[in-house]
Each structure stands twice: as structure tokens, then as C-alpha cells.
Amino acid sequence: MRDFIKLAVTAITISFCSLTYADNSGAQYFHDRATASKLLDANNFMVSKNYDKAVPIYKSLAAAGDKVAEYQLAYCYLNGFGIDKDDQLAMAWFMKSSQQGLPEAQNALGAMYYNGVAVPQIFSEALSFYKQAALGENAAAEYMMGFMAYASNVSHHLDDAVVWYSKAAAQGVPQAQYNLGLMYYNGVGVAKDILKANSYFATAAANGLAKAQFMMGLIATLGVGGTPVDQQKAFNWFNSAAQQGLPVAQYNLGVMYYNGWGTTANQKLALNWISKAGDQGLPRAQYMEGYFAYNGIGQSKSIEQALDLYSKAADQGQADAQFAAASLYHNGEGVAKDDMKAFNWYLAAAKQNSAKAEYMVGLFYQQGLGVPADKTTAASWYEKAAQAGIDNAQLSLATMYANGDGVKQDNQKAYVWSSLASTSSNQQVRDNASKLRDLLAKYLPQDQIDAAKQMAQNYYNAYASTAK
């Protein structure tokens, strides 16, 4: 992750109540008052984007050594505001201001070294300047100290990340509030604490951070950590984040509309929001767009459009889309039948632990579809799918063990898998598996049957718990 830390106009208020004056300080006092007045004028010009009037003032005051003017002049050079853009001069003026101890300038130099602007990208230099600024209580630098500590992924640095993020969060930096929330949510660098996570997310969300609004929606949807499920609240948070263009929130908002969670079900609005996320390249959204197109949900049915959308998501590694695209190629729907392409997509999905794809890879190897027949390899893929609870894989594997086809013949293992397949909701699979199981029982002693039943129960418990 490499965020570009954007330098912003910093409105620095010069306070006079804290100044003390010696008897001979009158001239300096009036000089400071005049400088402050000019700075205020220049900053007002900046706010109104009247840069041509602001720059001469900053130049005059910077030449006289005013550190705030030096900083603001550097900012103008950096962005080409009222003057030709010049990163080198920006760097030089930031450096002058930094040497006078202005935290904002130190933070700006940290950002330039971090992002390689006007200088080579040197993280150690960035860290040095960020630390100077953070010690001066610059909130943006405190955030970056936390970010860099977290990015190092070292346990004791995670402690530092919590410290710096906390400082920035206390100063109202939404991203720091969000990152702290995420650390507490995942238990990274701190003990997992959903209530604390929720508190930080809520603060960042109230400050308008879309990612935090999304997390508030997620927590309300799932009821994480004992928080009550509140679909209406989740819908509102997802909507707020989606309106800011966050793809994953747009997708979830579409799901809410589709399912009627927290709102009235509306297929067209569901498609609209999911399409917005898909247009931004979110693979899951592109898959769902394809699903909608294939089934004619919220639009006319179009298998060709479905294939196009499945392919976009599949190319990005989305397993469901890979499986869907494979099915279209295998069945010749909307495209010429092509078992080789189908196999490749099934295999891609299977390598991501898609159980139904694992079964199809086993089937393709067993039947030699799009790939040379290899019953041993078929059995290994069937076993993966069978252990994940795929009934067809369980029946196929049971048959292979019963016949010694691609595996060493083993009636007990055949009994295990046929016993599991006999609980299928598919009547044909259930009937065939029951017949095989009952036949196998004739050749097995009772102790092996009892052991097989226990093995079957263990497999069932494993995949049943995963499905929850």
C-alpha cells in the first residue's frame, strides 16, 4: 500500500496571548503584528484561489525569514499556484521552514521523501522528517508515523503504530481513527476488541470517511462481537459510503436492495449499484453483474453479456466467475463449446479451493475432457471436493474406491464416502449412494463399518462447521 500524502494549505493561527515582552521589545512586537496581518491577507487570498495576490506576499515575508510564509511559498511552488510549478524550489523553501522548526514543513518534507517528489524516494529520510513533525504534534505526521510503523509488519513496531495512530486519532484524523478501528477489529498489534473498533469506526464514519462508514455497515449487518444486527442501520451506512464512490460499499448496497435488507427489495436499484462497483473494476461486482445478465435479473437475459462480465472478473481471479465462465464454455452457452477453456477456468477456481470446481476438475480428469484422462489425479480432486461436502464428488470417490479405479481398492473408504453421499438432497445421488453403501456393508465386518461411520461423521462435522 502506498498512499500519496497530499499537501494541503495549513491555516496557522499566530497566537499573541502567549508572548512575553521585554522593555526593549516594542519594535519586534509591532513587526510581528504586521507580519501576522500580511500572512492573514495572503491566506485569505489562497482560500479564495487568488494566488497571484498571495504569492508576492509570501515571497516578501519568506525573504525576511518568516517560517510560515516559507512554508506557504513552498506549497505554491509545489502545486504551481500563482507561480510556475517547481518541485526543487518547493523543497528548498520547505527545508528553510523546517530548519526553523515548523512541524507542517517537516511533514511536507517527509511526504516528499516518502513519495519521491524532487528527491529520490528514501523512506529513512521520510521517517526522520515525519518524526520531527510528529514530535511537534503535527497530526498528519503522527498518522504517517503510525502508518509506516504498521507497514513494517514487525510486532514491536505495531505497538508504535498504535501509539502514533492514537495521537493522530485524538487530533481528529479520520484515517487514523479508521486504522485503529481496523487493528482492534482484527486483533493486530492489540487485543481484539470489537467495541473499541466500533467506537473508532463510528468516529471516523461521522467524520465522513467512506471506509469507516462501510465497516459500520458491515458490523451492523453481521452483528459482530455481540453488537446487534441492524439492517436498516447497515443500509444507511452502506448508502453513505456508496454515495462517496467506494466500490465495495456500492456492491453491498446493491446486495441490500436485491435481498430487501433494510430497504424495499428493488432489482433495478440492485443492478444499478452493483454495476457502479463493477465499472470500478470490483471483481465480485462484475461476477454478480454477469449473474444478473445470465438470469435476466433487473434487465433482459443475455448470456453473451454474462460471459463478458464473468470473464472480466475471472481474469482478476474471482473464483465464482471462473467457475461460471467454465460452465458456459463446457455447455456451449453463448459461446462455442470448448472443454479446454472450461478445464482451465475450472482449474483456476479449484486452486482457490472452490469445492464445486474441484469436483469438476476431477470429472474432467476422469473423463478426459479438455485434458488427457488421468484417474489417479481425478480421485485426488474428488477427495478435495468430497471433504468439502460436494455430494457428487463423494459418490464418485466412493465408486472409485469400491472398484479400485485410480486408487487402491478399499471397501471401508468406499463405505465412508457412500455413507456421506447417501445424505444428499439430490435424490439420484442419494439413491445411488445408498445402494452402494448397503452393498458394501455385506463385505465389511461390523467393526470396520462402525469405524467407517465414525470417519464419515468426522468429515461431516468438519465441512458442516465450515459452511456455517
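The values are calculated or read from the model by the stated rules, or taken from the named source; none is laboratory data. Keep in mind that this is a model prediction, so the values were computed, not measured. So basically every Cβ, Gly included, is an ideal-geometry build from the backbone, and we count neighbours across all protein chains shown. Ligands, DNA and RNA are excluded from the accessible area calculation, which covers all protein heavy atoms including side chains. Shrake-Rupley method; radii C 1.70, N 1.55, O 1.52, S 1.80 Å.
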accessible surface per residue for the chain, probe 1.4 Å, DNA/RNA/ligands not counted, whole Å² -> 49
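When the dipole is taken about the Cα centre of region 324-432, and only Lys, Arg (+1) and Asp, Glu (-1) are charged at their Cβ, what size is it in debye, to the nearest 20? Can you show the working numbers first?
Working: 9 positive and 10 negative charges, 30 e Å.
Approximately 140 debye in magnitude.
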Cα gyration tensor of region 93-208, axes a ≥ b ≥ c as square roots of the eigenvalues: rounded (a/c below 1.5), prolate (a/b > b/c) or oblate? prolate
Taking loop as defined by DSSP and a crowding limit of 12 other beta carbons within 10 Å, which trypsin sites (Lys or Arg not before Pro) in region 358-416 fit? Lys408
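Give me the percent of accessible area attributable to carbon and sulfur for the chain, probe 1.4 angstrom.
Values: 11560 of 22760 Å².
Ligands and nucleic acids excluded, carbon and sulfur give 51 percent.
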To the nearest 20 Debye, how big is the dipole of the chain about its Cα centre, given +1 on the beta carbon of each Lys and Arg and -1 on that of each Asp and Glu? 660
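What is the dipole size for region 138-296, taken about its Cα centre, with +1 at each Lys and Arg Cβ and -1 at each Asp and Glu Cβ, in debye to the nearest 20?
On the way: 8 positive and 7 negative charges, 53 e Å.
That gives region 138-296 a dipole magnitude of about 260 debye.
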Relative contact order (%) - region 360-468, alpha-carbon pairs under 8 angstrom, separation at least six: 19
Output ³J(HN,Hα) for region 112-120: one whole-Hz value per residue in order, computed from phi by the Karplus curve 6.51 cos²θ - 1.76 cosθ + 1.60 with θ = phi - 60°, and x for Gly and Pro. 5, 5, 5, 9, x, 9, 6, 9, x
7 Å from Cα along Cα→Cβ at both Ala170 and His157: what's the point-to-point distance in nm? 2.4
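222 nm [θ] for the chain, helices only, -39500 (n - 2.57) per DSSP H run of 4+, per residue, to 500?
Working: 24 runs with 332 residues, N = 468.
Result for the chain: -23000 deg cm²/dmol, rounded to the nearest 500.
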Asp450 versus Ser37: modelled label distance in nm, points set 7 Å from Cα along the beta carbon direction: 10.1
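Quick check: convex hull of the Cα atoms in region 334-468, volume per residue, rounded to a whole Å³? All intermediate terms of the calculation are to be shown ahead of the outcome.
Details: hull volume 15.0 nm³, N = 135.
Here the figure is 111 Å³ per residue.
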What are the ³J(HN,Hα) couplings of region 305-311, residue after residue, when phi is run through the Karplus curve with 6.51, -1.76, 1.60 and θ = phi - 60°? Round to Hz, x for glycine and proline. 5, 4, 4, 4, 6, 4, 5
Rough spin-label spacing in nm, given labels placed 7 Å along Cα→Cβ, for Asn266 and Asp431: 4.7
What number results when the radius of gyration of region 153-205, computed over Cα atoms, is divided by 2.2 N^0.38 Å? 1.01
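Identify the chymotrypsin sites (Phe, Trp or Tyr not before Pro) of region 380-468 meeting these criteria: DSSP loop state and at most 10 other C-beta atoms within 10 Å of the C-beta.
Working: sites: Trp381, Tyr382, Tyr401, Tyr415, Trp417, Tyr443, Tyr459, Tyr460, Tyr463; in loops: Tyr443.
Listed in order of number, the matching sites amount to none.
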Residue by residue through region 363-376, which ³J(HN,Hα) values in whole Hz follow from phi under the Karplus form 6.51 cos²θ - 1.76 cosθ + 1.60 (θ = phi - 60°), with glycine and proline marked x? 4, 5, 5, 5, 9, x, 9, x, 7, x, 4, 7, 5, 5
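Please label the shape of region 47-97 as rounded, prolate or oblate, based on the square roots a ≥ b ≥ c of the eigenvalues of the alpha-carbon gyration tensor (a/c under 1.5 means rounded; beyond that, a/b larger than b/c means prolate, else oblate). Mind dumping the intermediate values first?
Numbers: a/c = 2.02, a/b = 1.17, b/c = 1.73.
Oblate, since a/c reaches 1.5 and b/c is not below a/b.
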Run the reach check for Lys59 against lysines, Cα to Cα strictly under 23 Å, same-chain hits fewer than 8 apart removed. What comes back? Lys6, Lys38, Lys49, Lys67, Lys85, Lys96
